[in-house]
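Have a look at the structure below, then the notes.
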């Protein structure tokens, strides 16, 4: 009892410590195991007892993964999953075996193959947790990583099945592997038959009792019996547990099973990771630190070099390939299981085993930071045209349908559940639609339905240019991650400042930022659900429909202010800082003699003339304004936090320093399209001289997918240009004529 109390207490404290520091809980478990293990405090005396609990943890962990396994999710990225995942495992094993045998790390080819198997697996638990925390499971790189991880989990079962064959003499390995594969095939056939005709009836019988205890006991007994059976026939118990989960995953009681088993799985899995920590000798790690750091670097670089080209080979953009390659560049938790089994078959020495434990632990520490900061760095790099063209690989990865609309169309970014409904409603009303999505499965559906589509990253400037944003009527953004949604809005408005944009906010914190970036309307699903529920209740309670609609519209106009949770100024500032890191930004101090000081952001036409968004203002008196509204006045000496690209910043600097002519009271602005028979075509602004003849000035030219701000007198007007005019309305109408 003392050992078990020490084990679970250490797990709880270690997990809490890691959570407070914002690290994966698994790392806390590993650290707790090191501290209570025999090399430090020595609180664990009977490791065999701990190992029994740990083995149960692995069993239930694999069982739960089997239950969670979704063939539907795998189908979405089946090409990169089976083709790319299988190729990654094969290449990792082959290269590791070759290098390890050549440099003498191992003494035989089977040992090299086994070492390659250990290195080929990545951490499902750490990667999925990091993706979920950043809301990136539905992104292109998230789907690629999940697909490869699923295939790695499947491959674990095969590796465990053929493991006993690797300790045979080299001339008998082929026969031994063949026998193991036959056993595996027969077991798979039996599992399929049992899963189809026995498991559903058994679970139905257990569910009829309406007893949580009996259902849980029945499922646990089923899992352990199948695991035990695989052990008796020469396969691994872990693989049996995974297959048991797969058998349940396709029946109607899978969700209920997972709900009941998860607490048991989490407790036993915690014991498993603590037990791994118990085996790690800190003194050994310290004495071998240079070697372990070298191995960590080798794993990170080696797996990145293997995985990234494979992702590019399957026609994903380089940005996706880089994130996926670095995100999967670690040794996974199931490598512990393989390593422990391999030690029993003398496939690795005790020293190599300890080195693998230390290397794995350190790669798991690095992964969350990689997955957090690499997408941010790459998104900032995309702000520069050279890097964007390189990272997005538009020319090689972009796929389009025939007859793409070029004007007066509605662009829908993201063809998930929300995007599908939007497209359906638009088509029912006879509107021209163009969908941008980066999912193979969704592209296939669009192709079958003959809906115009662009396969690519909707936040890419080059993809938006291809979608003819400059000629679009409106845009709806329903992308799965906040970073892509922000970049998509910002870049679309660079190409077409007058574009009417509506965007779905995934989180409450995104609402203000999206409005600041220029979205005309921001929809937050949870708040909208609250409004509709309330509207129904108000109607039941007898309130007039017109009153209900007026109140709800007022809440929407105030950006759901009444529904948003109370947040301190510090929380808002922290959210703003996190959002800004994903975008190109710059602090700008307003000059003392600036022409726009004393004006509101709206009066200075900041976004329309320069393209920048002002998302924070610091006054000289210490006052700080986060997410300033259009009526906020810009004062002398203000420090403004701008979001935009380099051209936007230069345009804002020009606006702030030069005496730019802006609309006065009673003035208006007008976008004028230059048609074929226009007298302006081919003439320079100096020749037209609208200011002298009409008192009207041209302050911007939108040309195809380029926006020329504050054009000089030598700029030539071309056919198809849209020119931005400032002046009195009656004079603007004369120019239009």
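Of the residues 14, 37, only one is surrounded by 16 or more Cβ atoms within 10 Å (Cβ to Cβ) and modelled with pLDDT of 85 or more; which?
On the way: 37 fails: modelled with pLDDT of 85 or more.
Checking each option against the conditions leaves just 14.
Matching residues to (1) touching a helix residue (DSSP H, G or I) at 6+ places or on another chain (Cβ under 6 Å); (2) at positive phi; (3) buried (at least 16 other Cβ atoms within 10 Å of the Cβ):
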{"position": "611", "(1), (2), (3)": "yes, yes, yes"}
{"position": "631", "(1), (2), (3)": "no, no, no"}
{"position": "636", "(1), (2), (3)": "no, no, no"}
{"position": "649", "(1), (2), (3)": "no, no, yes"}
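Conditions (1) at pLDDT 80 or above; (2) exposed (fewer than 14 other Cβ atoms within 10 Å of the Cβ); (3) farther than 22 Å from residue 28 by Cα, marked per residue:
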{"residue": "220", "(1), (2), (3)": "yes, no, yes"}
{"residue": "232", "(1), (2), (3)": "no, yes, yes"}
{"residue": "236", "(1), (2), (3)": "no, no, yes"}
{"residue": "255", "(1), (2), (3)": "no, yes, yes"}
{"residue": "263", "(1), (2), (3)": "yes, yes, no"}
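Number of residues in the range 622-670 that are touching a strand residue (DSSP E or B) at 6+ places or on another chain (Cβ under 9 Å), outside any loop (DSSP other than H, G, I, E, B) and under 30 Å from residue 692 (Cα atoms): the value is 14. Considering only residues that are within 26 Å of residue 721 (Cβ to Cβ) and either at pLDDT below 85 or within 18 Å of the chain's Cα centre (by Cα) (or both), which ones fall in the range 497-527? Matches in the range 497-527: 497, 498. When you scan the range 64-84, do you find a residue that is assigned by TED's automatic domain parsing to the domain that holds residue 277, within 23 Å of the chain's Cα centre (by Cα), assigned to a helix (DSSP H, G or I) and modelled with pLDDT of 85 or more, even just one? Yes - at least one qualifying residue is present in the range 64-84. The set of residues from the range 671-716 being closer than 20 Å to residue 609 by Cα, assigned to a loop (DSSP other than H, G, I, E, B) and touching a residue at least 40 places away in the same chain (Cβ under 8 Å) comprises 674, 704, 705, 710. Could you please let me know if residue 304 is closer than 16 Å to residue 114 by Cβ, within 28 Å of the chain's Cα centre (by Cα), in a helix (DSSP H, G or I) and in the same structural domain as residue 279 (by TED's automatic domain parsing)? Considered against the rule, which asks whether it is closer than 16 Å to residue 114 by Cβ, within 28 Å of the chain's Cα centre (by Cα), in a helix (DSSP H, G or I) and in the same structural domain as residue 279 (by TED's automatic domain parsing), residue 304 comes out as no. Can you name the residue in the range 723-737 that is in contact with a helix residue (DSSP H, G or I) (Cβ under 8 Å, 6 or more places away or on another chain) and outside any helix (DSSP H, G or I) and is also surrounded by the fewest Cβ atoms within 10 Å (Cβ to Cβ) among such residues? Per the stated criteria, the residue is 725. For the subset of the range 443-463 comprising residues that are part of a helix (DSSP H, G or I) and in contact (Cβ under 8 Å) with a residue 60 or more places away in the chain, which member is farthest from the chain's Cα centre (by Cα)? Per the stated criteria, the residue is 462.
Filter the range 322-358 down to residues that are in a helix (DSSP H, G or I) and within 27 Å of residue 270 (Cβ to Cβ), then give me how many there are.
Step one: of the range 322-358, the residues in a helix (DSSP H, G or I) are 322-327, 334-344, 350-358.
Right, trim to within 27 Å of residue 270 (Cβ to Cβ) and you get 327, 334-344, 350, 352-358.
Residues in the range 322-358 being in a helix (DSSP H, G or I) and within 27 Å of residue 270 (Cβ to Cβ): 20 in total.
Among the residues of the range 188-216, those identified as closer than 20 Å to residue 262 by Cα and in a loop (DSSP other than H, G, I, E, B) are 210, 211. Residues that are surrounded by fewer than 20 Cβ atoms within 10 Å (Cβ to Cβ) and modelled with pLDDT of 85 or more do occur in the range 474-496.
Run down 589, 558, 620 and say which single residue is under 30 Å from residue 497 (Cβ atoms) and in contact (Cβ under 8 Å) with a residue 12 or more places away in the chain.
Numbers: 558 fails: in contact (Cβ under 8 Å) with a residue 12 or more places away in the chain; 620 fails: under 30 Å from residue 497 (Cβ atoms).
The conditions single out 589.
Restricting 423, 463 to residues that are modelled with pLDDT of 90 or more, under 20 Å from residue 503 (Cβ atoms) and buried (at least 20 other Cβ atoms within 10 Å of the Cβ) narrows the list to 423. Answer yes or no as to whether residue 686 is more than 47 Å from the chain's Cα centre (by Cα), farther than 26 Å from residue 594 by Cβ, at pLDDT 80 or above and exposed (fewer than 14 other Cβ atoms within 10 Å of the Cβ). Answer is yes for this residue.
Within the range 533-552, is even one residue in a strand (DSSP E or B), surrounded by 16 or more Cβ atoms within 10 Å (Cβ to Cβ) and assigned by TED's automatic domain parsing to the domain that holds residue 463?
Let us first name the residues in the range 533-552 that are in a strand (DSSP E or B), namely none.
Taking every residue of the range 533-552 in turn, none turns out to be in a strand (DSSP E or B), surrounded by 16 or more Cβ atoms within 10 Å (Cβ to Cβ) and assigned by TED's automatic domain parsing to the domain that holds residue 463.
Residue 175 passes every criterion in (1) in contact with a helix residue (DSSP H, G or I) (Cβ under 7 Å, 6 or more places away or on another chain); (2) more than 23 Å from residue 121 (Cβ to Cβ) apart from (1).
The values are calculated or read from the model by the stated rules, or taken from the named source; none is laboratory data. Since the model is a prediction, treat every value here as computed from it, not as a measurement. No Cβ is skipped: glycine too gets one built from the backbone with ideal geometry, and neighbour counts run over all protein chains shown.
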